[in-house]
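The structure under discussion appears below in the form of structure tokens.
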6 protein chains.
Amino acid sequence: MSRYDGRENNQLRPIRITKNFTKYAEGSVLIEFGDTKVICNATVEENVPPFLRESGSGWVTAEYAMLPRATASRNKRDINKLKLNPRATEIQRLIGRALRAAVDLEALGERSITVDCDVIQADGGTRTASITGGFVALAMACQRLVEEGVLEKTPLRHYISAISVGIVDGEPMLDLCYVEDSAAEVDMNIVVNDAGGFVELQGTGEHGTFSQEQLHQLLALGEKGNRELQALQKKALDGLEL
Amino acid sequence: MSRYDGRENNQLRPIRITKNFTKYAEGSVLIEFGDTKVICNATVEENVPPFLRESGSGWVTAEYAMLPRATASRNKRDINKLKLNPRATEIQRLIGRALRAAVDLEALGERSITVDCDVIQADGGTRTASITGGFVALAMACQRLVEEGVLEKTPLRHYISAISVGIVDGEPMLDLCYVEDSAAEVDMNIVVNDAGGFVELQGTGEHGTFSQEQLHQLLALGEKGNRELQALQKKALDGLEL
Amino acid sequence: MSRYDGRENNQLRPIRITKNFTKYAEGSVLIEFGDTKVICNATVEENVPPFLRESGSGWVTAEYAMLPRATASRNKRDINKLKLNPRATEIQRLIGRALRAAVDLEALGERSITVDCDVIQADGGTRTASITGGFVALAMACQRLVEEGVLEKTPLRHYISAISVGIVDGEPMLDLCYVEDSAAEVDMNIVVNDAGGFVELQGTGEHGTFSQEQLHQLLALGEKGNRELQALQKKALDGLEL
Amino acid sequence: MSRYDGRENNQLRPIRITKNFTKYAEGSVLIEFGDTKVICNATVEENVPPFLRESGSGWVTAEYAMLPRATASRNKRDINKLKLNPRATEIQRLIGRALRAAVDLEALGERSITVDCDVIQADGGTRTASITGGFVALAMACQRLVEEGVLEKTPLRHYISAISVGIVDGEPMLDLCYVEDSAAEVDMNIVVNDAGGFVELQGTGEHGTFSQEQLHQLLALGEKGNRELQALQKKALDGLEL
Amino acid sequence: MSRYDGRENNQLRPIRITKNFTKYAEGSVLIEFGDTKVICNATVEENVPPFLRESGSGWVTAEYAMLPRATASRNKRDINKLKLNPRATEIQRLIGRALRAAVDLEALGERSITVDCDVIQADGGTRTASITGGFVALAMACQRLVEEGVLEKTPLRHYISAISVGIVDGEPMLDLCYVEDSAAEVDMNIVVNDAGGFVELQGTGEHGTFSQEQLHQLLALGEKGNRELQALQKKALDGLEL
Amino acid sequence: MSRYDGRENNQLRPIRITKNFTKYAEGSVLIEFGDTKVICNATVEENVPPFLRESGSGWVTAEYAMLPRATASRNKRDINKLKLNPRATEIQRLIGRALRAAVDLEALGERSITVDCDVIQADGGTRTASITGGFVALAMACQRLVEEGVLEKTPLRHYISAISVGIVDGEPMLDLCYVEDSAAEVDMNIVVNDAGGFVELQGTGEHGTFSQEQLHQLLALGEKGNRELQALQKKALDGLEL
């Protein structure tokens, strides 16, 4: 009746956000969604990609990778295949779009924030953990810019979080772990801001399709999950209001 | 009031499907969504990727690329950058997932069908054109397997089509062309099968977010578009019933 | 007695030149030599390679590629092998040298014209079709520079065309198709300008060698073929005189 | 008088070895030498490199990498430069040689153990931390092979540890942190086994040279450091005797 | 009146062929055309490329490269650009075709001979020196196969040599050195066998075009040069008759 | 009793240094340690790597490679594997560090000297031959800078040489050839300057470990070898005093 790990269908795994996990990055977070663990480090650099030079606008981007042994069997490093993992390519583009929705790029000015999401242990939901933890690292880096007097006020506009939902054995479930994800008929990642607006919605019928009705059930689950995640983000950020 | 090219908000661009556009591929289609033109060639090969060997199951995959001058300014070829374009990576993974939803991979047997989607002219909607045209090329290749006696009956299970929808200047619109796409607040690609089930749903708030209500409006537009596209696919395939 | 496709030994395949095949390129042509079909797109860019900066001179170059399914079996894309196809390297260097012979690079000024030759269907003679069609695309781009007032008069100096000749079963033949090319004892590509001068001559005894006498027979065939091709180029270019 | 962080010249930084830092690897350790933190994960695979096939012998190898923000400024990922970092190449070859000295490769049988050393924070001594921590991960993986009945007894022959020594402002010092390392006239890495034999000795006069007398002083410091490290390794391995 | 280095127009530079220049290769030659110096090493391997497996036929191929400082300014190594030099690609394909014309591939049996042509000093004519010297290395490797009893008789069918000719300041000249080659209006490489048949003919109007009459003058010069080169090859091979 | 090639344990192989082996490089040397032959070419360029721009300081670096047939069996070229050989990476970093110890980089000014070490025949000791010969090429390039009036006096500070020592069958030996190196229990490379200071010391227990006592024996052998090598360098450099 209950799930693989005893959770209710609408229950998140234990979420932990550890700030300052490493010491050099302008924003550093270890985020854990159960056994999924991702280091999110935000780096501020005083330059922008070529397409933004002289535009007055800044940039936020993300990179995503997994340690070779983040998973049950060892994956060769990208450099040994001379090819960025296609799944990682897809995921880091998603994280980048999601985090850009958190920031007023013009207020950031002509500088870049790169959020590196390195998965040290993967048990499902690495992209949603990366967005959720990456947001906290990004917020820390923005706060640092204010503290150091580089910016007068934070360029952050919105909290952003993300959660996965899916249909497993016909049951809509929140925050799938790896065994659930592997068995899911439908898998959806939902990125929202603190005004409840959808930033990104990616649903895939891996082994089936889904109907409008199922979509609604999934969106409702996702709303609950994201609301809880944003409460945890806010707590980690000492109640930061935007 | 009317759109850039005079269409109604819920109107597709002129869609043309030209079969046998090239002569060697097992399935070959030129698909046009207005000024967007994509060559979709399906190749059957008698082998499968390593992870499927001895599994009894076949594989369907896709590759997506643009000619250097498919767009207003010239893009360097991937090989000159030694890097598969990240956007193309994301798109070809989407096309592959979508087309796999059309086929019973076990009925296909241990062989692969690769659908190459090469964009010769891009005016928005290249990924949806690729899925819609790629399906027809895939179906032709499946029919060829039956005609040649390799398979007793087609491994195709469902028609699959895809259309983009978006919100431009606050207006929900169907099948965005490039200027609309560039200006869209929200952009969504909807892949469905002939039973109306969602195979993939990818919505992005490029310059904003979207609400549940807007989502519904977009899904309704998409339903209309995909119904029309599947009628055109069926006509191109001489009424093929699955 | 007659050839594979019924032609006389000194007869070209049906040649078709379709201008404006795509809409963005400054010059765009689909050229067909029988079943060989190549898209030739010329792009003008306001910069030159490093070795020409501050030289006052412009540059003309070419890139050549085949769609994966331009041939009877599917070829992997270069990017998946991280290596530019060596045959394509050789061919695009030939095309570039040939097209540079058409242009007064100083009159062009410090700008580049890149001619992309993308083979969508290959049935022998892709390099000669690329040169012949590429010239038309190049001429269109030059005319555009004049029409737009960038240049006062065209930097074109000469028509350039190319044709293959070969010895098959001891018979000298013009414009080999793939089955003839595969069986040829000798294969030669002849590039000439409209003054009858040789721009490039590349003869290979694939399965034998050739004598001075055979060389003369081949050159005579080539002269006839190139004369006909240049008449077709001129017609496509509305009688353009240089 | 005292060092940057208050240590005596012959004093190690605080060393911490955390076993089972991740859950999938056959051996997993987080090792800390002060602020230097390295995840060492050992993976057992039932195959060997081509040069050892049918040899009856196994293989032990290592890979070394740093997270982009393990250092004060962000380093681009190797995959984005399409080139394995040369410093990392040199280091991972050293780690591999060092760890092979710990194992009887014939007793291991035709299987491989790969030790991934991923630096999450770098403050000097990452290669010696990697060898010292990598040994513990390797030992855990060997024990697992015994516990699972794959091997009757451990193929480990020796404890292996490594420490850096150097001359800073004329003073020989043990276990250099980053600021010391940057300022060092001489830098040496010493790898020894539990019988006191040198496995590898790499000394470099970065900004000077060193004499035989200085070499002796450095070797004496290294002996002390490695003895302490091996005591900590043994404790972490529950007193494992070899 | 006379040439840059005092030669007659129809005169070769001093040609030197040093056998056994290195000790490991099955055939090893240092060939010098004046100041152009190329090491040609032939390697026999007991395997063939995939397309020849089970065919009973062998293979002959060539690789061509220059040391970084073979020329007046330093060239970066290919590996640092991750790209085989396009000019080298073109040249090594030419060398390979030329040397295959020397050998009965079926008589060679299912084994490969790779001829590495490494230019240590370049002063024009590196490709013709490579073919001429590469032939001697190839012949030595074939003789070795006979001496070792692997083959009963040599699979060599023909001597193969190559020479460059060109038109400089209106004058046809034999064996161009670098300053002549740079100034040449027309440049041609002529590969012939010992029966006088053309194996390959590559003429390029670098800064002009050439007429049939000029072609004849160039071919006559080439005939003289190749006759002299083949006499030197024969002497180096101790009078070997084929 | 005696060694593989009849030498005494403390005897170098015949060493030959041929200056001006090629004609374009600012310094060019062929160095031979017995059958090991390395071309060392030093190139002066009027620029420095990015990290030294505007620093007033110059740079010395090295690249190391082997011809494919420098060894008993053929090695594929790096470019065909798209990967710089890891062993070569390690070696060229060592050569670079060693040669930088010879030069006052500030006195060199903002220019670079690159020393290319290309092994044409390898019989053990290629890295020590590269350092020893590379030093002579470097010194020639420095002298050229003085002769041409670019620098007032040489930026060279010290002679630098390198030799290998090892323990084979329990016997310490100087300057190992390939068969000795393959069988060595311990292998050490010793780089010293003309003041007797160690620039680099790299000892590896390939098939064992070594004690302090063995280390002393090896260092004594190395001292003798390097003294002899520096005498030969000085002779080659016409008695150059620093």
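The values are calculated or read from the model by the stated rules, or taken from the named source; none is laboratory data. Fair warning: this is a prediction, and the values are worked out from it, not measured in the lab. As a convention, Cβ positions derive from the backbone with ideal geometry for all residues, glycine included, and neighbour counts pool all protein chains shown.
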Checklist line | Close pairs from segment E:1-18: first touching a residue at least 40 places away in the same chain (Cβ under 8 Å), partner part of a loop (DSSP other than H, G, I, E, B) and β-branched (V, I, T), Cβ under 9 Å, at least 6 apart | finding: none
Margin query: Can you tell me which residue is nearest to the other protein chains (Cβ to nearest Cβ) among those in segment F:34-58 that are in contact with a Ser or Thr (Cβ under 6 Å, 6 or more places away or on another chain) and among the hydrophobic types (A, V, I, L, M, F, W, C)?
Written below: F:V38
Check: Of the numbered conditions (1) on the phi > 0 side of the Ramachandran plot; (2) out of contact with any helix residue (DSSP H, G or I) (no Cβ under 8 Å at 6 or more places or on another chain); (3) modelled with pLDDT of 95 or more, F:G124 satisfies every one except a single condition; which is it?
Finding: (2)
Margin query: Being closer than 20 Å to A:I79 by Cα and crowded, with 23+ Cβ neighbours inside 10 Å: is that true of D:N41 here?
Written below: yes
Next item on the list: State which residue pairs qualify: first residue more than 7 Å from chain C (Cβ to nearest Cβ) and inside segment E:194-222, second residue assigned to a strand (DSSP E or B) and among the acidic types (D, E) in any location, beta carbons under 6 Å apart, and separation of 6 or more residues or different chains.
Entry: E:E206/E:D187
Note to self: Just the residues that are in contact with an Asp or Glu (Cβ under 7 Å, 6 or more places away or on another chain) and in a loop (DSSP other than H, G, I, E, B), please, taken from segment D:4-31.
What the structure shows: D:Y4, D:N9, D:L12, D:R13, D:K23
Next item on the list: Would you point out the residue of segment E:181-193, among those that are closer than 13 Å to E:V165 by Cβ and either over 14 Å from the mean Cα position of the chain (by Cα) or part of a helix (DSSP H, G or I) (or both), that is nearest to the other protein chains (Cβ to nearest Cβ)?
Entry: E:V186
Next item on the list: List the number of the failed condition for C:T61; all other conditions in (1) surrounded by fewer than 21 Cβ atoms within 10 Å (Cβ to Cβ); (2) within 11 Å of chain B (Cβ to nearest Cβ); (3) β-branched (V, I, T) hold.
Entry: (2)
Margin query: For the condition touching a Cys at 6+ places or on another chain (Cβ under 6 Å) and over 22 Å from D:T71 (Cα atoms), what is the one hit in D:L219, D:L215, D:L156?
Written below: D:L156
Margin query: I'd like the full set of residues that are closer than 18 Å to B:L12 by Cβ, of a type in the set (V, I, T) and buried (at least 21 other Cβ atoms within 10 Å of the Cβ), limited to segment B:166-199.
Written below: B:I167, B:I190, B:V191, B:V192
Checklist line | Residues of segment A:105-139 that turn out to be within 14 Å of chain B (Cβ to nearest Cβ) and either surrounded by fewer than 23 Cβ atoms within 10 Å (Cβ to Cβ) or closer than 16 Å to A:W59 by Cβ (or both), as a count | finding: 2
Next item on the list: Examine segment C:159-168 for a residue that is more than 16 Å from C:R7 (Cα to Cα), in contact with a Gly (Cβ under 8 Å, 6 or more places away or on another chain) and either at pLDDT 95 or above or among the hydrophobic types (A, V, I, L, M, F, W, C) (or both), and state whether such a residue exists.
Entry: no
Item checked: Check on B:L145, touching a residue at least 24 places away in the same chain (Cβ under 8 Å), more than 16 Å from B:L12 (Cα to Cα) and either surrounded by 14 or more Cβ atoms within 10 Å (Cβ to Cβ) or in contact with a helix residue (DSSP H, G or I) (Cβ under 6 Å, 6 or more places away or on another chain) (or both) -> yes
Margin query: Among the residues of segment A:206-222, are any buried (at least 16 other Cβ atoms within 10 Å of the Cβ), in a strand (DSSP E or B) and of a type outside the set (G, A, S)?
Written below: yes
Checklist line | Hey, A:A102 within 22 Å of the chain's Cα centre (by Cα), over 30 Å from C:N80 (Cβ atoms), away from chain D (no Cβ under 14 Å) and at pLDDT 95 or above or not | finding: yes
Check: Which pairs do you get when a residue that is within 20 Å of E:N193 (Cα to Cα) and of a type outside the set (G, A, S), found in segment E:110-129, comes within reach of a residue that is at pLDDT below 95 and in a helix (DSSP H, G or I), reach meaning Cβ atoms under 7 angstrom, with the pair 6+ apart or on two chains?
Finding: none
Item checked: Residue check for B:R69: touching a Pro at 6+ places or on another chain (Cβ under 6 Å), outside any strand (DSSP E or B) and facing chain C (nearest Cβ under 10 Å) -> no
Checklist line | Residue that is surrounded by the most Cβ atoms within 10 Å (Cβ to Cβ), among those in segment A:72-91 that are outside any loop (DSSP other than H, G, I, E, B) and more than 7 Å from chain D (Cβ to nearest Cβ) | finding: A:I91
Checklist line | Identity of the residue in segment A:223-232, more than 10 Å from chain B (Cβ to nearest Cβ) and farther than 22 Å from A:R93 by Cβ, that ends up surrounded by the most Cβ atoms within 10 Å (Cβ to Cβ) | finding: A:G225
Next item on the list: With respect to E:E32, determine if the residue is exposed (fewer than 12 other Cβ atoms within 10 Å of the Cβ) and charged (D, E, K, R).
Entry: no
Note to self: Is it the case, given these coordinates, that B:K23 is loosely packed, with under 15 Cβ neighbours inside 10 Å and within 11 Å of chain C (Cβ to nearest Cβ)?
What the structure shows: yes
Next item on the list: Kindly indicate whether F:Y178 is closer than 19 Å to F:T132 by Cα, out of contact with any Leu (no Cβ under 9 Å at 6 or more places or on another chain) and of a type outside the set (A, V, I, L, M).
Entry: yes
Checklist line | Qualifying positions in segment A:114-155 - within 9 Å of the chain's Cα centre (by Cα) and of a type in the set (D, E, K, R) | finding: A:R127
Margin query: Take the conditions in a loop (DSSP other than H, G, I, E, B) and without any contact (Cβ under 8 Å) to a residue 24 or more places away in the chain and apply them to D:N47. Does it pass?
Written below: no
Check: Taking the condition away from chain A (no Cβ under 14 Å) and either under 26 Å from A:G166 (Cα atoms) or of a type in the set (A, V, I, L, M, F, W, C) (or both), does B:V150 pass?
Finding: yes
